[in-house]
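The values are calculated or read from the model by the stated rules, or taken from the named source; none is laboratory data. Note that this is a predicted model, so its numbers are computed, not measured. Don't worry about glycine lacking a Cβ; one is built from the backbone with ideal geometry, like all the others, and counts go over all protein chains shown.
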Amino acid sequence: MSAETLVNTQAEFPPPSEGTRDRRYRLRAAAAKVGYGRVRRCGRKRVSLTVQIRNHDGVCSASGFETCGSIWSCPVCAAKISEVRRQEVRKAMLGCSEAGGAVYMMAFTAPHYRGQGLRGLKDRMGLAWRKMLSGAPWGRLRGDMGLIGYIKGLEVTHGIKNGWHPHFHILFFLEKPLTEQEREKFEWKLFNRWDQIVCEAGSDPCNFAVFKLEQAHTPEAAGDYVAKFGSDYEITHLHTKAAKGGGRSPWALLDLSAKGYQEAGKRFGEYSRAMFGARQLTWSKGLKDLYRVSDPSDEDVAETNHGDVVITLDGKEVDEVQRAGYRCFLAMLRAAETGGAVAVRAFLRDFGLGRRSDDLRAFRSQYYGETDNDDKGEFAGRAPASKRDMAVHGVH
Ligand SMILES: [Zn+2]
């Protein structure tokens with residue numbers, strides 16, 4: 001067996017105990033195959049002569065590779081971007097409460113059915129929101145509510161029964177808290193206006209029961225409400241919602257794709273293409289300035305490297321590790337975390353020795369803590385996903 005196959009075998013199957021970071025890297029490797037745009041090269045294509053491993057609060061990462069900055073398609077970049085966005089939202093909410101204001105949350109959705117394309121549904125939602133904010137009725141409602149501004153978060157899930165489900169999570173920043181009577185009144189008015197617009201566009205009526213205007217009591221709640229996309233919670237709870245019969249996040253589709261479910265891969269590809277370039281978070285005009293929130297782009301956030309340099313390596317040396325699969329690359333980062341530069345050198349020496357002797361078993365058991373039987377885990381010996389499997393997982 002060659003070194004390549006020893007390390008690469010079934011690299012995308014989850015190791016027996018998979019942490020959140022391992023999962024992000026595994027899913028990114030899957031997105032490189034079925035996703036659209038720069039995610040196909042994220043963390044793979046080297047863009048500088050050297051690679052630096054940095055340590056930020058005990059967690060190491062490597063710079064010198066292309067980063068895609070895609071909140072929608074890349075679980076690694078999405079984590080970085082979401083964390084920054086959540087902090088921005090928290091800062092705005094704190095600013096609002098300090099000035100005596102209050103923040104309210106409400107989700108806006110529209111009826112959708114299996115078989116409808118995601119791009120069309122997403123565009124229709126965007127158009128409906130633009131209509132919502134136009135004309136004299138909105139001006140009156142805004143004045144009555146004491147609306148300072150809003151933040152709109154776009155989220156997409158995929159449901160077993162009804163297909164794609166793009167929806168908005170809105171944070172309304174108000175001048176002062178509402179009484180219960182006012183809250184009920186505005187909940188109804190907001191719903192009513194949205195429902196009217198959706199119906200005028202030819203859709204079925206919305207269900208009032210799922211439209212709730214609720215106060216966000218903490219900055220964390222506000223941040224999580226609109227900017228949880230790609231968060232640790234979403235990545236670690238891939239199947240929770242689907243199990244309850246609700247929609248699953250696109251990461252769950254990507255996970256199924258990595259495990260051999262081709263239809264799930266196609267779905268993720270459709271999603272990745274449809275969402276390409278779309279904004280996940282939109283702040284109403286002037287709101288960022290009001291709360292002194294800076295405005296770096298998703299790409300800039302994803303490319304920013306934090307932490308102290310542990311070691312600078314020759315890029316070609318790291319290419320070998322990178323080509324051996326994401327688990328090998330993570331093992332190098334873990335070596336940097338536990339033993340610094342000395343451990344990284346030892347890792348590279350052992351990796352080189354293993355490659356030359358064409359036997360990486362000892363290397364793998366030392367650095368991955370695994371045996372040959374761990375390669376495929378629960379999927380050992382399993383045939384590619386059948387139609388029945390797909391039905392069980394709700395992929396159609
Ligand atoms: Zn990326």
Scan the stretch 270-281 for residues that are in contact (Cβ under 8 Å) with a residue 12 or more places away in the chain and either surrounded by fewer than 17 Cβ atoms within 10 Å (Cβ to Cβ) or in a loop (DSSP other than H, G, I, E, B) (or both) and jot them down.
R273, F276, A278, R279, Q280
Given the criteria at pLDDT below 90 and not in a helix (DSSP H, G or I), does G381 qualify?
yes
Being modelled with pLDDT of 90 or more, assigned to a loop (DSSP other than H, G, I, E, B) and either touching a helix residue (DSSP H, G or I) at 6+ places or on another chain (Cβ under 6 Å) or not assigned by TED's automatic domain parsing to the domain that holds G139 (or both), is that true of even one residue in the stretch 216-234?
yes
If we scan the stretch 30-42, do we find a residue that is within 19 Å of A331 (Cα to Cα), away from the ligand (no atom under 13 Å from the Cβ) and not polar (S, T, N, Q)?
no
Go through the stretch 52-76 residue by residue and tally those that are near the ligand (Cβ under 8 Å from one of its atoms) and hydroxyl-bearing (S, T, Y).
3
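A quick yes/no check of all residues on (1) of a type in the set (A, V, I, L, M, F, W, C); (2) buried (at least 24 other Cβ atoms within 10 Å of the Cβ); (3) farther than 24 Å from H167 by Cα:
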residue	(1), (2), (3)
T50	no, no, yes
A62	yes, no, yes
S73	no, yes, no
I81	yes, yes, no
Q87	no, no, no
R90	no, no, no
M93	yes, yes, no
A99	yes, no, yes
Y104	no, yes, no
Quick one: is Y113 away from the ligand (no atom under 16 Å from the Cβ) and in contact with a Leu (Cβ under 7 Å, 6 or more places away or on another chain)?
no
Across the stretch 173-186, what is the number of residues that are of a type outside the set (V, I, T) and loosely packed, with under 15 Cβ neighbours inside 10 Å?
5
Is at least one residue of the stretch 185-207 basic (K, R) and in a loop (DSSP other than H, G, I, E, B)?
no
Report yes if some residue within the stretch 149-172 is over 25 Å from the mean Cα position of the chain (by Cα), surrounded by 17 or more Cβ atoms within 10 Å (Cβ to Cβ) and not in a helix (DSSP H, G or I); otherwise report no.
yes
What are the pairs with Cβ atoms under 6 angstrom where one residue, in the stretch 196-221, is under 19 Å from W138 (Cβ atoms) and the other, located anywhere, is exposed (fewer than 13 other Cβ atoms within 10 Å of the Cβ)? Sequence gap at least six, or different chains.
C199/P205
Residues of the stretch 81-105 classified as more than 26 Å from D232 (Cα to Cα) and part of a strand (DSSP E or B), total:
1
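Kindly establish whether K189 is exposed (fewer than 15 other Cβ atoms within 10 Å of the Cβ), modelled with pLDDT of 95 or more and among the charged types (D, E, K, R).
no
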